[in-house]
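So the structure is just underneath, and the comments pick up after that.
The values are calculated or read from the model by the stated rules, or taken from the named source; none is laboratory data. Worth saying up front: this structure is predicted, and the values here are computed from it rather than measured. Cβ sites come from the backbone with ideal geometry, for glycine too, and all protein chains shown count toward neighbours.
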Amino acid sequence: MQTRSWLVVGVLTLGACGGVGARATLDSAVDASVEVATVPDSPVPEIPDAPVVEVPAEVPLVDGSITSCSPLSFPTSTQQASADGGAGRRYFPPTRWGLGPIVGTGCPGYGDCESVAPTMAEEVAYDLDRLAANDIPITMYHFDGFAWSNGDCSWALGDPLRARLQSLGIRALVHYWGGCRATEAFDRAYAGLGGVLAGFYFDDGTPDELAKSAIDWAQARFPGDAEIVMKSYRYDQEEAASVPGLAAYGHTCYVNDLPTDFGGMRTGIERVLSLASTLPAPFNEFTGYDATQADEETYFRRIHWGAMQPVMDHSPYQHASPWEPIYGRALLEDYRYFSWLHHELVPYLHSYDWQAFETGLPILREPDAVNYTTKVGDELFAAFVTEPGVEELQITLPPGTWIDYWDTSQTHSGTITYPVPLGHEPIFIKDGAIIPMQVSRAYTGHGTLASAGSLTVLVYPSGKSRFRYRDDAANRWIDLGAEAAGNTLTLGSYEAPSQPLLYRVERWNSAPAAVLICGTTVMVNGPPGQPPSQSEDAVNGAAASAWFYDAAARRLVVKAFPGAGT
């Protein structure tokens, strides 16, 4: 079994050449003021209005004059698409929080309890305590089986647990075996949970008509803010009759209960990839679901698989939490790292999810169920390790140039042989990519605690690039752009986003001679600009436009505010 020494060493320990996959240790990067690791921008029950962005005064230029930026141009088709959200091809719109990370239990009715507590309420409280202690984020808790209910779809776990979930911004996804088979039953669940209720999780025996009625009820009660998880491969067979229902009504489905070994992992990947064009977000409960616990090597590989799915869900039958004593500390670090990475990628994933809602295009693209690879959107590519004892993989990349996530100094194309130590599973970034993220921790190396409240935008400059970002708070598309020519770079957006932008320009080889910031437009090595800040963290937390160049990481960080200085 292979581990990497840099996985758990140092306050912010970098991989080779300071790649974006830099990790921080469990002890060093937790903010002591954080009570529980939850998603700060998902309050319950209401969807917040667009946040008010404080527009700072214009920053004086180095020479004391004011120079205007030259904004990027966007095609007319892009402008029209940004203004019009589209009619929607899918049956109901997706949520951000529905993508996870998710944790769940069926204890005591379905699966063993991890704690000594005899009730589901106590088990869930134990999980929430451990998630908080280890600073692991979740957006939704899955109440599996029937122990959550009195048998008639009414909430049986008490008001204190409901209130705790609400205070943490965690939604409750409840299994329909709790007696949820009609609209009056759904009303009883709502009476007990209120806006904490996320929706319902269906299983064997669920006709498409019931799923549709649950979706209709949820969308009437929580327009655009509910989730229904359907089931594929019911009774362990892909019934031909189930596919039309998934295609017509489904947003997300799980691919049935599978073993925790590598064989179960391979089957899960095959099933998810086979459904990539049927509905937007099929998923496999990434740690498996049977009476055995995954061994440590398998667990490492499964964490990577979970994080690179549209939905990251850890809802095992046999308790298999990463903090259990049978697993080493490095695995807990890995679980936390990839949980935060998935959480950070939600703006990216949700943009593709919303695109799927409007156009029917899949999130998982060019899936290969033979070699266990897929593009996640157009900018990310992942290859999964599905056998024990593997030290390297032969990987055929999609056309073009791809950047190594773990060491951004390295680029690849074609077919390569790639080392795969535990915790270093293959992820590649398309050269020229723009990737929007929500960052509020330092674990992954994509920002710091001070990044919270801004939209982090990773930029890998190469010619002209565009990304369509779904800004839910503004209820519209925001086009993000980058244009690189030689040592000059222009960044910008079409329409103003609802948050400040934190551009993180990777692979920028030298300190800029000038950085001019006008609203969300940034010009690098162009007209005279403002002086740099003293550190990245100073930029991340700045109340006005600012920039900093990190020579060791070859990274330019720029904070820009919509409307400032335009």
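Going through the stretch 423-456 one residue at a time, which ones are buried (at least 22 other Cβ atoms within 10 Å of the Cβ), among the aliphatic types (A, V, I, L, M) and part of a loop (DSSP other than H, G, I, E, B)?
Listed by number, the residues that qualify are Ala433, Val439, Ala442.
Check Asp152, Asp135, Asp144, Asp129 and return the single one that is under 27 Å from the mean Cα position of the chain (by Cα) and surrounded by fewer than 18 Cβ atoms within 10 Å (Cβ to Cβ).
Result of the check over Asp152, Asp135, Asp144, Asp129: Asp129.
Does the stretch 89-118 hold any residues that are farther than 18 Å from Gly199 by Cβ and assigned by TED's automatic domain parsing to the domain that holds Ala220, and which are they?
Listed by number, the residues that qualify are Cys107, Pro108, Gly109, Tyr110, Gly111, Asp112, Cys113, Glu114, Ser115, Val116, Ala117, Pro118.
Consider the stretch 284-304. How many of its residues are modelled with pLDDT of 95 or more and closer than 20 Å to Cys107 by Cβ?
Within the stretch 284-304, residues that are modelled with pLDDT of 95 or more and closer than 20 Å to Cys107 by Cβ number 1.
In the stretch 467-481, what residues are within 19 Å of Trp508 (Cβ to Cβ) and in contact (Cβ under 8 Å) with a residue 60 or more places away in the chain?
Phe467, Gly481
Of the conditions (1) touching a residue at least 60 places away in the same chain (Cβ under 8 Å); (2) not in a loop (DSSP other than H, G, I, E, B), Arg302 fails just one. Which one is it?
Among (1) touching a residue at least 60 places away in the same chain (Cβ under 8 Å); (2) not in a loop (DSSP other than H, G, I, E, B), Arg302 violates only (1).
Would the stretch 381-401 turn up any residue that is over 22 Å from the mean Cα position of the chain (by Cα), under 24 Å from Val459 (Cβ atoms) and not in a loop (DSSP other than H, G, I, E, B)?
Within the stretch 381-401, none of the residues are over 22 Å from the mean Cα position of the chain (by Cα), under 24 Å from Val459 (Cβ atoms) and not in a loop (DSSP other than H, G, I, E, B).
Considering the stretch 172-194 alone, what residues qualify as being farther than 16 Å from Leu157 by Cα and assigned to a helix (DSSP H, G or I)?
Selection gives Thr183, Glu184, Ala185, Phe186, Asp187.
Please state which of the following conditions Arg234 fails to meet, knowing it meets all the rest: (1) more than 17 Å from Trp97 (Cα to Cα); (2) surrounded by fewer than 21 Cβ atoms within 10 Å (Cβ to Cβ); (3) in contact (Cβ under 8 Å) with a residue 60 or more places away in the chain.
That leaves (3) as the condition not met.
Report, by residue number, each residue of the stretch 158-179 that is crowded, with 24+ Cβ neighbours inside 10 Å and touching a helix residue (DSSP H, G or I) at 6+ places or on another chain (Cβ under 7 Å).
Within the stretch 158-179, Arg171, Ala172, Val174 meet the criteria.
Would you please name the residue that is surrounded by the most Cβ atoms within 10 Å (Cβ to Cβ), looking only at residues in the stretch 341-380 that are free of Cβ contacts under 8 Å to residues at least 40 places away in the same chain and assigned to a strand (DSSP E or B)?
Once the filter is applied, the top-ranked residue is Thr373.
Out of the stretch 253-281, which residues are buried (at least 24 other Cβ atoms within 10 Å of the Cβ) and either of a type in the set (Gly, Ala, Ser) or more than 18 Å from Val370 (Cα to Cα) (or both)?
Cys253, Tyr254, Thr260, Gly268, Leu279, Pro280, Ala281
Identify the residue in the stretch 402-422 that is in a loop (DSSP other than H, G, I, E, B) and closer than 27 Å to Ser510 by Cβ and, among all such residues, is nearest to the chain's Cα centre (by Cα).
Ranking the candidates gives Tyr405 first.
Within the stretch 532-541, is even one residue part of a loop (DSSP other than H, G, I, E, B) and under 23 Å from the mean Cα position of the chain (by Cα)?
Checking the stretch 532-541: at least one residue is part of a loop (DSSP other than H, G, I, E, B) and under 23 Å from the mean Cα position of the chain (by Cα).
Would you pick out the residues in the stretch 290-299 that are surrounded by fewer than 24 Cβ atoms within 10 Å (Cβ to Cβ) and assigned to a loop (DSSP other than H, G, I, E, B)?
Listed by number, the residues that qualify are Asp290, Ala291, Thr292, Gln293, Asp295.
Here are Thr105, Thr95: which of them is buried (at least 18 other Cβ atoms within 10 Å of the Cβ) and in a loop (DSSP other than H, G, I, E, B)?
Thr95
In this structure, is Glu227 in the same structural domain as Tyr352 (by TED's automatic domain parsing), under 23 Å from Gly106 (Cα atoms) and modelled with pLDDT of 90 or more?
yes
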